[in-house]
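Read the structure below first, then the notes.
The values are calculated or read from the model by the stated rules, or taken from the named source; none is laboratory data. In this text the structure is predicted, and so the values were computed from the model without any measurement. No Cβ is skipped: glycine too gets one built from the backbone with ideal geometry, and neighbour counts run over all protein chains shown. Note: accessible area is taken over every heavy atom of the protein model, side chains too, but ligands, DNA and RNA are not part of it. Shrake-Rupley method; radii C 1.70, N 1.55, O 1.52, S 1.80 Å.
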Amino acid sequence: MVSETRIGICKVCWACCPIEVTVENGRATKVIGDRQSPIYGGYTCPKGRAMPEGHYAESRILHPQKRMPDGSYVSIPMEQALDEIAARLRAISDEHGVESIAVYPGNGNLSNPINPVIGAMFIMALGTFPWRFFSVQTIDQAGKVIAQALHGRWMAGPQPFATAQSWIMVGTNPVISKQGMSVNPGQTVKQAVKDGMKLIVIDPRETESAAHAFLHIRPRPGQDSTILAGLLRVILTEGLYDHAFVADNAVGLDVLKAAVAPFTPDHVADVADISAKELVLAARTFAAAESGCVVTATGAHFPLHGTLAEYLALCLNTICGRWVRGGEQHSQPHVLLPDVAIRAQPYAPYTPWDYSEVSRINGLPKTVVGAPTGTLPDEILTPGKGRVRALICSGSNPAVSLPDQNRTGRALEALDLLVAIDVEMSNTARMADYVIPDRMSMETPGCTQFTESMKYYGIWTGGFELPYAMYSPAIVDPPMGSDTIESWQFFYELAKRLGKQITYFGNGAGTGQHWDKAPVAFPLPLDRRPTTEEMFEAMCAGSRVPLAEVRQHIHGKLFDELDHTVLPRAEDCTAMLQVADPTMIAELAVVHEKRGDTANPSAEFPLLLIPRRANEMMNSIGRNNPKLAAKRRYNPAFVNPQDLARFGVATGDIVRIRSAHGIIEGVAEGDPRLRLGVLSMSHCFGTNPNEPDDAIGQGGCTSRLMDAQAAYDPIFGQPRMGAIPVSIERRASGEI
Ligand SMILES: Nc1nc2c(c(=O)[nH]1)N[C@H]1C(S)=C(S)[C@@H](COP(=O)(O)OP(=O)(O)OC[C@H]3O[C@@H](n4cnc5c(=O)[nH]c(N)nc54)[C@H](O)[C@@H]3O)O[C@H]1N2
Ligand SMILES: Nc1nc2c(c(=O)[nH]1)N[C@H]1C(S)=C(S)[C@@H](COP(=O)(O)OP(=O)(O)OC[C@H]3O[C@@H](n4cnc5c(=O)[nH]c(N)nc54)[C@H](O)[C@@H]3O)O[C@H]1N2
Ligand code: SF4
Ligand SMILES: [Mo]
């Protein structure tokens, strides 16, 4: 037996952990963290360590699958699949127009950093961008991009976590999710607190991150804008803000002050059901610290007003001057991003929407975050010109991830052509006409450039606070005899067959206007398919450290020799951060008037459903991995034991969970760390749309409880996905 170890990068999520892989006779058999990494300290999570079981799972598909008229699937060669799909797309486009073709990329795409952006470039090549580019961004935290546009982006980045004196996390649990923090988040949070950071966590649940907190505020879900406005009010009325920074760099302070004036501690305490004293303590602690940041993520974004919550967090950071200054070190240093001077100044705010063109469904504006994915089912179901008839899902699983599962199911069934680029017969693949097998994480090269560039989306998106970079070649070949293709190559081949040329834009993956440098165009040659390595070169074009140099350091490298000192504001720079954007201020007034304008519990629906992420899964990824699923396959419905008793339910019981829109089954589990009145459950589990529930087997699908039309974000159309009123009742005592 030939056994060796190889070093690589795990790409199951965007944390990019360096790994040491044992390879026996060409097969990966074991993954551990690379202890020689200069910054990760050998960290990995269960998902990374279970990659071999995922790669060689029985459920993995190794040949293109074609659906037959009786619903069964047969394996066909890749060339045939490409030719047939291209021919069908051409026919659909000839008959109904090119706008009937759409793409929906998701998180399975991370297996190669070229994949997540190529779908957009394919749609650009067809000439229908942004309207036919539906991505997970608009059912995730697109409010980050919108809020940053309205507020302006601070070029030198937020103050770093590593040395911050205080930090406020609103609706995020980085220890599990790695949101905002790529490197060993559990250890990083613990160390920061040990070093004196006053960590403040605002979350209805005592999370793994909150366990370290100096102050944990457990609010009623959906009230984060009210809480953030309350924090702003305390700091502004007590004069605790950074007067000099605001005077030099921001406009709108008086308007902001007036807008937050009604958010008194008593009002906030009443609306969010928290202690007024703790709110004031949080504000004073944060303002008194010399450094830190307020950050939000899905918990704050999923109820309505996510953009406002993000915007108010940016305003808090600005009035407290929580941005890196001239003479300090850039907190998001460029290594594989372009070599540009970083200055302590803003990029000017801009309006990230345009009503001169509106969406077919709900009349939403054209925005910088792509088409509103919440409307995708109706784009498919609604007749008329522009109806979506062909959908390519790459590394996405809309059959369980899109809000309003049964409507999504009707839509996926109504398509003329559904293609899923996946690695297994996922919920969506089981509905597809063709399933295209992708290469998995260890079968493609990896590179930290994508993670580095996530900063362009907004703050708390991941990346590195140190000048670190790593490249790794593919670790193993796809299983012998398989017929796979990388997602980006699939789009290349399709475009070519349609007579279109994809132009790939390297050097960043952001959105909007706040680029440090314009992306570099690389028109993909039509006479030959570029290699993955060529694509990587294009991705890193003009990088501060050439990719070739990064490749030399197989364990990754901290490029300490680079100078990351931030330059002062340029003399001719007139840009100012905007803390009183009129749209946001108007929305804040509505939030005050309607006491949060969010869904409230009622006698019929006494609990609020909130999202949470599990360590063993990346959305639906991992559900069929035998190692990850060994502990349990179902999706527990976590409720405080006192609430369980109130409803006559015990841990292990199968419960019906009902919202005004739908009903699912789950398995109850008491969790004393939850505040009363909430039900906390993960997403992306479940049977297929309109199939019977399978609480103990495939788990309940929370998106079945969501109504895509009842309430949605007015700009990017994200349906309400958090703080959803639900009831539970016992169906049977469970034997699980
Ligand atoms: N109810 C509810 N809904 C939610 C959320 C929530 O919290 N609650 N969260 C939302 C958020 S934030 C997001 S980002 C979306 C996620 O939405 P999606 O991205 O649509 O969902 P995933 O489960 O991440 O889809 C990953 C797919 O990729 C496949 N896959 C795995 N590995 C590979 C690979 O190497 N290559 C390829 N091509 N495919 C692979 C998996 O089998 C799976 O089908 O869900 C959203 N929906
Ligand atoms: N292990 C793992 N990692 C992941 C993922 C995964 O599925 N598994 N998914 C990835 C994806 S796609 C994303 S977008 C990121 C998301 O990353 P995060 O946003 O950090 O996701 P969560 O870990 O669910 O943390 C959200 C927190 O918000 C809290 N919360 C819920 N509702 C409210 C509310 O109304 N207000 C407040 N203040 N808090 C609330 C929840 O209790 C939860 O602790 O994670 C990514 N990383
Ligand atoms: S945190 Fe993400 S990148 Fe790191 S081992 Fe886990 S899945 Fe892989
Ligand atoms: Mo996400």
Starting with the highest mean, order 379-391, 113-125 by the number of other Cβ atoms within 10 Å, averaged over the residues of each peptide. 113-125, 379-391
Probe 1.4 Å, heavy atoms of protein chains only: per residue, the accessible area of the stretch 1-73 in Å² is 45
Spin-label point model (7 Å from Cα, Cβ direction): what's the THR382 to MET480 distance in nm? 5.4
For the ranges 493-504, 352-363, 168-179, what's the packing order if you count other beta-carbon atoms within 10 Å of each residue, average per peptide, and put the highest first? 168-179, 493-504, 352-363
Percent carbon-and-sulfur accessible area, the chain, ignoring ligands, DNA and RNA, probe 1.4 Å: 51
Tell me the net charge near PRO478. Cut-off is 12 Å between Cβ atoms, PRO478 excluded, with +1 for each Lys or Arg and -1 for each Asp or Glu. -2
Please list 707-717, 223-233 highest first by mean number of surrounding beta-carbon atoms within 10 Å per residue. 223-233, 707-717
Mean residue ellipticity at 222 nm from the helices of the chain, using -39,500 (n - 2.57) per DSSP H segment of n ≥ 4 over the full residue count, to the nearest 500 deg cm²/dmol? -7500 deg cm²/dmol
Overall form of the stretch 466-521 per C-alpha gyration tensor (a/c, 1.5; a/b vs b/c): oblate
Starting from the residue with the highest accessible area, list ARG153, ARG544 in decreasing order, probe 1.4 Å. ARG544, ARG153
Here the net charge surrounding VAL260, from other residues whose Cβ is less than 12 Å away from its Cβ (Lys, Arg +1; Asp, Glu -1), is +1
Roughly how far apart, in whole Å, are the Cα centres of the stretch 596-635 and the stretch 264-325? 26
The stretch 599-736: antiparallel bridges as % of DSSP beta bridges, rounded to 5, reads 70
Between the modelled labels at ASP572 and ASN600 (7 Å from Cα along Cα→Cβ) the distance in nm is 5.6
Need the full-extension length gain, VAL2 to ALA732, defined as separation in residues times 0.36 nm minus the C-alpha distance. One decimal, nm. 257.5 nm
State, to one decimal in nm, how far the label point of ALA247 lies from the label point of HIS553, with both points 7 Å from Cα in the Cβ direction. 4.2
Could you grab the relative contact order for the stretch 599-736? Cα pairs under 8 Å, six or more apart, rounded to a whole percent. 35
Additional length obtainable on full extension of the chain from LYS30 to ARG90, 0.36 nm per residue less Cα span: 17.2 nm
Mean separation of Cα pairs under 8 Å and 6+ residues apart, divided by the residue count of the stretch 356-435: what relative contact order is that in percent? 25
For ILE610, tell me the accessible area in Å² from a 1.4 Å probe, rounded to the nearest 10. 10
Which whole-number percentage describes the relative contact order of the chain, with Cα contacts under 8 Å and a sequence gap of 6 or more? 20
Output wanted: per-residue J couplings in Hz (rounded whole) for the stretch 621-637, from phi through Karplus 6.51 cos²θ - 1.76 cosθ + 1.60, θ = phi - 60°, x for Gly and Pro. 6, x, 4, 9, 7, x, 6, 6, 8, 4, 5, 6, 9, 8, 10, x, 9
Please report the antiparallel percentage of the DSSP beta bridges confined to the chain, to the nearest 5. 55
Can you classify the stretch 533-647 as rounded, prolate or oblate using the Cα gyration tensor, where a ≥ b ≥ c are the square roots of its eigenvalues, rounded means a/c under 1.5, and otherwise it's prolate if a/b beats b/c and oblate if not? oblate
Can you give the charge dipole size of the stretch 97-237 about its Cα centre, rounded to the nearest 20 debye, using +1 on the beta carbon of Lys and Arg and -1 on the beta carbon of Asp and Glu? 260
Ratio to report: Rg/Rh of the stretch 599-736, with Cα atoms as the point set and Rh obtained by the Kirkwood method; give two decimals. 0.95
In whole angstrom, how long is each semi-axis of the equivalent ellipsoid of the stretch 154-220, when you take the square root of 5 times every eigenvalue of its Cα gyration tensor and sort them from largest down? 18, 13, 13
At 1.306 mPa s and 10 °C, plugging the Kirkwood radius over alpha-carbon pairs of the stretch 629-705 into Stokes-Einstein gives what diffusion coefficient in µm²/s? 127
Quick one: grab the alpha carbon gyration tensor of the stretch 158-283, order the square roots of its eigenvalues as a ≥ b ≥ c, and give me rounded if a/c is under 1.5, else prolate or oblate depending on whether a/b is larger than b/c. oblate
Taking the Cα centre of each part, how many Å lie between the stretch 101-139 and the stretch 421-483? 14
Where Rh is the Kirkwood radius over Cα pairs, Rg/Rh for the stretch 360-467: 1.04
Show which aspartates and glutamates lie in cross-link reach of LYS198 when reach means a straight Cα distance below 18 angstrom and same-chain residues fewer than eight apart are skipped. GLU206, GLU208, GLU278, GLU290
Kirkwood Rh in Å, taken over the chain so that all alpha-carbon pairs contribute: 26.1
Once amide hydrogens are built 1.01 Å from N within the peptide plane, the residues lying 5 or more places from GLY463 or on another chain with amide H under 5 Å from its amide H are SER182
Could you work out Rg/(2.2 N^0.38 Å) for the stretch 584-670, with Rg from alpha carbons only? 1.43
Against the rule of thumb 2.2 N^0.38 Å, how large the Cα Rg of the stretch 288-399 comes out: 1.49
